[in-house]
Amino acid sequence: MSSGHNAPIPAAGLGTRFLPATKALPEELLPVLDRPVLQWGVEEAVAAGLDTMVVVLSRGKELLAAHFDSAPELERTLESRGKLVGLEAVRRSQRLARFAYVYQPEPLGLGHAVLQARPVVGDRAFACLLPDDLSWAERPILAQLVDAHREVGTPVLALMRVPRERISRYGSVAVAESRGRLHRVTAMVEKPAPEDAPSELAINALEHTRPGAGGEIQLTDGIAAVLESGPVWGLEFEGELLDVGTPEGWLQALLRTAPSHPTFGPALREALERGLHQGALP
Ligand code: UTP
């Protein structure tokens, strides 16, 4: 059993919303700028003080582990050719954190995937992150959640305020008291009609549950159980979660992350200007 600060990362899904790109390539390895979306998540977890990633895999997704493993031949080749920038990037990805891998034998839902991490995580506090959500915020969202957990000492849900007409894509939480952006959550209504939603505060995990997901164990089932067992707070985090699990979301993530990047920002502007010039863009 690990004794560090654990981050279970469910990555055993099929990625059907991004086919055919995800037929052979795990969706968590789709690049956003120069690194796989999963690496963005791991970097965020490390920045929030988590040191052990418990990645939940399914058969055929071992490439995920290879990305964080050492690659001595590649390193030797890069070194002998003087490709030091590439060498540093390769080394960095394998020094980021400690990794443990567990398997989910069948894609039986997000909650079931997180449960597979239990033999490693045990009963200690953990922070769960979804690798196809890229967090885009001044202070990383996971760090905001860890701070909130330190403050209230209970499980903390990530909440976002959404317009009422879009609340039925998510779950809406009932709130008993609020302290700034912290809200004590007493109940959750899954995918409510806008007029039935107890608040405009949404929980993102619900966007990942399928309608009529019979036979699956959804994360929301686990959250419902936690709500019954003691106080739970939610943090209305600052920033955005970008869903990279669809081509549209992935495009949006590129347009959000590239402009402020020292290399890719200018490259994007140049490509757009050239596109405009050649009439390829309206
Ligand atoms: P998603 O529902 O976004 O991913 O789950 P998915 O099931 O892979 O994608 P689609 O809907 O078919 O396109 C969020 C995260 O939970 C993992 C996925 O790998 C993804 O990273 N997941 C989902 C599991 O690990 N196991 C599951 O049974 C379901």
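The values are calculated or read from the model by the stated rules, or taken from the named source; none is laboratory data. Nothing here was measured: the structure is a model prediction, and the numbers come from that model. Backbone-built Cβ (ideal geometry, glycine too); neighbour counts: all protein chains shown. Accessible surface areas use protein heavy atoms only, side chains included; no ligands, DNA or RNA. Shrake-Rupley method; radii C 1.70, N 1.55, O 1.52, S 1.80 Å.
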Filter segment 170-190 for residues that are touching a Lys or Arg at 6+ places or on another chain (Cβ under 7 Å), touching a residue at least 12 places away in the same chain (Cβ under 8 Å) and open to solvent by 50 Å² or more (accessible area, probe 1.4 Å) and give the result. V175
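Of all the helices (runs of 4 or more DSSP H) wholly in segment 192-282, which have at least 3 residues that are away from the ligand (no atom under 16 Å from the Cβ) and touching a residue at least 60 places away in the same chain (Cβ under 8 Å)?
Values: elements: 219-229, 247-257, 264-277.
Ranges flagged: 247-257.
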Quick check on segment 98-140: of everything there that is closer than 20 Å to G49 by Cβ and small (G, A, S), which residue is nearest to the ligand (Cβ to nearest atom)? A117
In segment 37-54, the residues that are within 12 Å of the chain's Cα centre (by Cα) and either open to solvent by less than 40 Å² (accessible area, probe 1.4 Å) or over 20 Å from A117 (Cα atoms) (or both): V37, L38, Q39, W40, G41, V42, E44, A45
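Filter segment 75-118 down to the residues that are assigned to a helix (DSSP H, G or I) and among the acidic types (D, E), then identify the one that is farthest from N6 (Cα to Cα).
Step one: filter segment 75-118 for residues assigned to a helix (DSSP H, G or I), giving 75-80, 84-95, 110-115, 118.
Now restrict to residues that are among the acidic types (D, E): 75, 79, 88.
On the way: E75: 29, E79: 33, E88: 26 Å.
If we take residues in segment 75-118 being assigned to a helix (DSSP H, G or I) and among the acidic types (D, E), then E79 is farthest from N6 (Cα to Cα).
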Expected single match for touching a helix residue (DSSP H, G or I) at 6+ places or on another chain (Cβ under 6 Å), open to solvent by less than 80 Å² (accessible area, probe 1.4 Å) and more than 20 Å from D133 (Cβ to Cβ) among P198, P194, P266 is P194
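Identify the residue in segment 1-34 that is assigned to a helix (DSSP H, G or I) and within 8 Å of the ligand (Cβ to nearest atom) and, among all such residues, is least open to solvent (accessible area, probe 1.4 Å). So that I can check it myself, show each step before the final result.
Just the residues of segment 1-34 that are assigned to a helix (DSSP H, G or I), to begin with: 16-18, 27-29.
When the remaining residues are screened for being within 8 Å of the ligand (Cβ to nearest atom), the result is 16-18, 27-28.
On the way: T16: 87, R17: 115, F18: 21, E27: 22, E28: 5 Å².
Applying the filter and picking the extreme gives E28.
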